[in-house]
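Chemist: Shown below is the structure under consideration.
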Amino acid sequence: MKPTDIKDPEYFHKVVDCQYACPSHTPVPEYIRLIAAGRYTEAYMVNWDSNVFPGILGRTCDRPCEPACRRGRIEKEPVAICRLKRVAADNKGDVKSLMPHGPFTPNGKKIALLGAGPASLTVARDLAPLGYELHLYDEQKKGGGFMLSQIPAFRLPETVLDEEVNYILDLGINTFFNHYVDSLKGILDKGYDAVFVGTGAPHGRDLKIPGRDEGAANIHIGINWLGSVAFEHTHSIGKTVIVLGGGNTAMDCCRTARRLGGEDVKVIVRSPYADMKASPWEKEDAQHEDIPIIDNHVPKSFVVERSADTPVRMGDASSATDRRERNLAGGTGDADKSVRAPYRLVGVMFEKVTAVYDENGKRSLVPTGEPEVFFPADDVLVAIGQENAFPWIERDIGVEFDKWEMPVVDKTTFQSTHPKVFFGGDAAFGPENVITAVAHGHQAAVSIDLLCKGQDINDRLPPYVNLVSQKMGIHEWAYDSEIANDERYIVPQADKSITLKNRKQEVEMGFDRLAGYKEAERCLNCDAQTVFTAPKCIECDACVDICPTSCITFTPNADDAELRKDLKVPALNLTQDLYVSETLPTTRVMVKDEDVCLHCGLCAERCPTAAWDMQAFWYNVTKAGDVKYGPTVVGSMVQITRNGNGVKI
């Protein structure tokens with residue numbers, strides 16, 4: 001193998017597993033160290049630069065960073081990265097003075113932002129300080145998008161949402177709320193230099209099974225129902241509720257139903273429990289609120305009844321009675337359609353299935369052959385997925401759509417086939433999450449800025465990086481390098497006897513400062529990189545002896561597959577690169593398995609020639625216009641200034 005090029009920013013970036021897994025590449029270990037040092041304001045601004053919504057994401061993020069966390073490889077649970085973000089948000093000082101302040105010098109360009117969700121708001125944050133005139137359109141009464149309409153207040157208080165949305169709107173964004181855009185052509189005709197579409201995936205999937213039309217009054221699409229609750233159009237629900245679906249929206253629906261009068265609330269899902277799309281902690285929270293999750297049940301029909309009549313199951317083609325019922329309900333047939341029976345939902349019939357997986361892991365749900373199962377219900381919430389819908393985008397204006405009626409969008413630039421139209425968030429590639437929408441917004445803002453400057457939007461901005469030694473003494477480093485077993489701390493929750501009575505009462509109370517410090521100390525500082533200098537090495541193998549995970553080997557060079565087998569402990573994770581040195585005097589090479597390194601620094605402490613060094617690696621995604629919004633970070637030095645208008649790198 002060729003020697004590893006550690007000057008390539010992406011090499012060490014990949015080693016910082018949590019940051020690499022984060023769609024917006026937030027410098028996680030850096031802000032965690034700042035929290036441990038009690039520097040909450042600086043920690044908040046490190047987050048605000050990258051993910052824009054620290055307080056929101058500290059409560060609601062899908063946490064792709066946590067499964068990647070190195071702590072999870074030596075203990076059961078990773079560092080509570082998401083909830084530490086909230087610690088920074090809850091304890092921050094005056095951050096408004098550290099943010100850009102207008103008015104900004106106009107650059108003569110005008111941009112339309114459609115939808116006021118996280119993607120559009122991120123574009124607004126990145127472009128406003130550059131002098132763009134920004135027009136934000138949304139059909140809701142204020143900003144936030146689905147963060148406002150679909151995330152319940154017991155998970156995300158409206159005050160937290162409004163605070164962080166307003167940080168952006170206060171940059172001088174022209175807002176057009178309560179305004180539904182019904183024509184993209186009409187927007188383009190207004191003379192905008194670019195249009196960003198961040199309208200989300202606004203349609204919930206329906207479940208078209210027998211009885212759906214007849215029971216419509218008590219069968220609700222999950223995301224629509226959550227929006228109706230959020231905007232206080234809906235205040236109650238029946239006592240017996242079934243939620244269909246296994247994602248996070250289903251968890252929000254069932255927990256909201258408990259707060260609106262549901263006494264017997266069940267989640268019933270087609271898939272096995274382990275295959276559910278809902279985050280593990282979301283499932284745990286639902287079960288903590290006495291909501292059972294019943295898996296391996298496929299809904300087959302809604303059961304309805306007429307007043308003063310017995311229940312009838314709709315859709316049995318062999319039943320003359322059923323045909324009569326459908327005719328009365330407005331179906332096809334010879335009956336008098338002027339007569340409509342007042343149907344009432346009474347429950348749902350399910351087929352029991354088992355999951356069977358082929359050699360490629362593809363799942364099939366196979367009926368068990370058991371009799372169908374009936375579950376009673378006063379109301380059913382259907383949360384089986386979301387879909388995009390663009391009826392307001394004309395098909396003759398240059399925006400192409402694929403066979404799934406999704407816009408054709410470049411995954412790097414987020415430009416559509418119309419050069420002035422960009423997409424991001426759920427509107428670009430389908431339902432994702434807040435942090436992914438933020439990442440899309442950053443890159444779309446870069447593209448829009450390059451477009452408006454007449455530059456090639458494919459010339460992407462390189463990341464801002466530095467690598468600085470952390471050595472302070474023979475056995476001292478500028479970070480806490482000691483490794484200890486330490487189980488994850490539990491985030492306290494308000495008593496459910498209180499939270500279930502008030503849908504706006506936040507459930508999670510967050511870490512206090514002491515618990516936040518203790519949880520922050522669990523971080524293994526995987527941005528403190530082990531840097532090897534081959535000419536200094538005398539091949540004494542002291543580092544091999546001291547390494548607690550046996551991740552260092554001196555061996556003859558070979559190809560990647562052979563080296564992985566020849567290491568002291570074979571390197572099994574093929575997604576993580578090997579660190580390979582130049583050829584040493586004995587013709588061997590140093591090979592390090594980055595996947596299992598604990599970044600403890602023992603190799604550097606033991607080395608008699610300082611061939612090993614621990615160096616802090618800083619990686620930050622460059623924003624539009626080469627502007628950064630957080631502190632300057634160089635090694636262990638973190639400097640924050642009251643610059644007012646961002647800093648050009």
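Chemist: Output ³J(HN,Hα) for the range 106-115: one whole-Hz value per residue in order, computed from phi by the Karplus curve 6.51 cos²θ - 1.76 cosθ + 1.60 with θ = phi - 60°, and x for Gly and Pro.
Modeler: Running phi through 6.51 cos²θ - 1.76 cosθ + 1.60 with θ = phi - 60° gives x, 9, x, 10, 10, 10, 9, 10, 9, x Hz.
Chemist: Highest first, please rank the peptides 15-25, 385-395 by the mean number of other Cβ atoms sitting within 10 Å of their residues.
Modeler: By packing density, highest mean first, the sequence is 15-25, 385-395.
Chemist: With r as the distance between the Cβ atoms of W392 and N458 and R0 = 45 Å, compute the FRET efficiency 1/(1 + (r/R0)^6) and round to 0.05.
Modeler: 0.95
Chemist: On a full-extension model of 0.36 nm per residue, what is the gain between D189 and Y357, subtracting their alpha-carbon distance, rounded to one decimal in nm?
Modeler: 55.2 nm
Chemist: Between A534 and D495, what is the spin-label point distance in nm, taking each point 7 Å from the Cα along the Cα→C-beta axis?
Modeler: Between A534 and D495, the label points sit 6.6 nm apart.
Chemist: Take every Cα-Cα pair in the range 471-585 and report what % of them are more than 22 Å apart.
Modeler: Result for the distance tail: 58 percent.
Chemist: Could you pull out every residue, at least 5 positions away or on a different chain, whose amide H is within less than 5 Å of the one on V243? Hs are placed 1.01 Å off N in the peptide plane, and Pro or chain starts have none.
Modeler: Here K266, V267, I268, L381 satisfy the definition.
Chemist: So what's the gap between the Cα centers of the range 340-418 and the range 92-110, to the nearest angstrom?
Modeler: 42 Å
Chemist: Let me ask something else about it. Which pairs, out of K142/K185; K96/K141; K110/K453; K109/K411, put more than 21 Å between their alpha-carbon atoms?
Modeler: Beyond 21 Å: K142/K185; K96/K141; K109/K411.
Chemist: Which value results for Rg/Rh of the range 85-216 when Rg is the Cα radius of gyration and Rh the Kirkwood radius based on the inverse mean 1/r?
Modeler: Computed over Cα atoms, the ratio is 1.07.
Chemist: Spelling out what I want: for every residue of the range 126-131, take phi, set θ = phi - 60°, compute 6.51 cos²θ - 1.76 cosθ + 1.60 (Karplus), and round to whole Hz; glycine and proline get x.
Modeler: Taking θ as phi minus 60°, the curve returns 6, 9, 4, x, 8, x Hz for the range 126-131.
Chemist: Under 5 Å between amide H atoms, partner at least 5 residues away or on a different chain: which partners does V408 have, H built in plane at 1.01 Å?
Modeler: Those qualifying (amide H under 5 Å, at least 5 residues apart or on another chain) are E400, F401, D402, T417.
Chemist: Starting from the Cα-Cα distance between H288 and M509, subtract it from 0.36 nm times their residue separation and give me the gain in nm to one decimal.
Modeler: 78.0 nm
Chemist: Viscosity 1.567 mPa s, temperature 4 °C: Stokes-Einstein D of the range 543-616 from its Kirkwood Cα radius, in µm² per second?
Modeler: D, rounded to a whole number, is 102 µm²/s.
Chemist: Could you work out the helix-only [θ] at 222 nm for the chain, with each DSSP H run of four or more residues adding -39,500 (n - 2.57) and the total divided by the number of residues, to the nearest 500 deg cm²/dmol?
Modeler: Only helices count here, giving -7500 deg cm²/dmol.
Chemist: What FRET efficiency do you get for T417 and N466 if R0 is 45 Å and r is their Cβ-Cβ distance, rounded to the nearest 0.05?
Modeler: 0.70
Chemist: Here's something else I'd like to know. Would you mind pulling out the separation of the Cα centroids of the range 506-583 and the range 1-28, in Å?
Modeler: Here the two parts' Cα centres lie 13 Å apart.
Chemist: Please list, or write none, the lysines whose alpha carbon is within less than 20 Å of the alpha carbon of K362, excluding same-chain residues fewer than 8 places away.
Modeler: K277, K352
Chemist: For S301, list long-range residues whose amide hydrogen, built 1.01 Å from N in the peptide plane, is under 5 Å from its own amide hydrogen.
Modeler: HN-HN under 5 Å from S301: M349.
Chemist: So what are the ³J(HN,Hα) numbers for the range 413-430, from phi and the Karplus equation (6.51, -1.76, 1.60; θ = phi - 60°), rounded to whole Hz, Gly and Pro as x?
Modeler: Calculated HN-Hα couplings, in order: 9, 6, 8, 8, 6, 8, x, 9, 10, 10, 10, x, x, 4, 5, 7, 10, x Hz.
Chemist: Could you give the angle, 0 to 90 degrees to the nearest 10, between helix 81-91's Cα long axis and the longest principal axis of the Cα atoms of the chain?
Modeler: 90 degrees
Chemist: Between the range 117-138 and the range 224-257, what's the alpha-carbon centroid distance in Å?
Modeler: 31 Å
Chemist: May I ask you to list the lysines whose Cα is less than 19 Å away from that of K239, ignoring any residue fewer than eight positions away on the same chain?
Modeler: Qualifying lysines at Cα under 19 Å: K266, K496, K501.
Chemist: Turning to a different aspect of this structure: Report the Rg/Rh value for the chain, based on alpha-carbon coordinates and the Kirkwood definition of Rh.
Modeler: 1.02
Chemist: Let me ask something additional. Filter K92/K420; K2/K568; K14/K471; K7/K518 down to the pairs with a C-alpha to C-alpha distance above 29 Å, please.
Modeler: Over 29 Å Cα-Cα: K92/K420; K7/K518.
Read the figures in this text as sums done on the coordinates, not as results from a lab. This is a predicted model, so every value here is computed, not measured. So basically every Cβ, Gly included, is an ideal-geometry build from the backbone, and we count neighbours across all protein chains shown.
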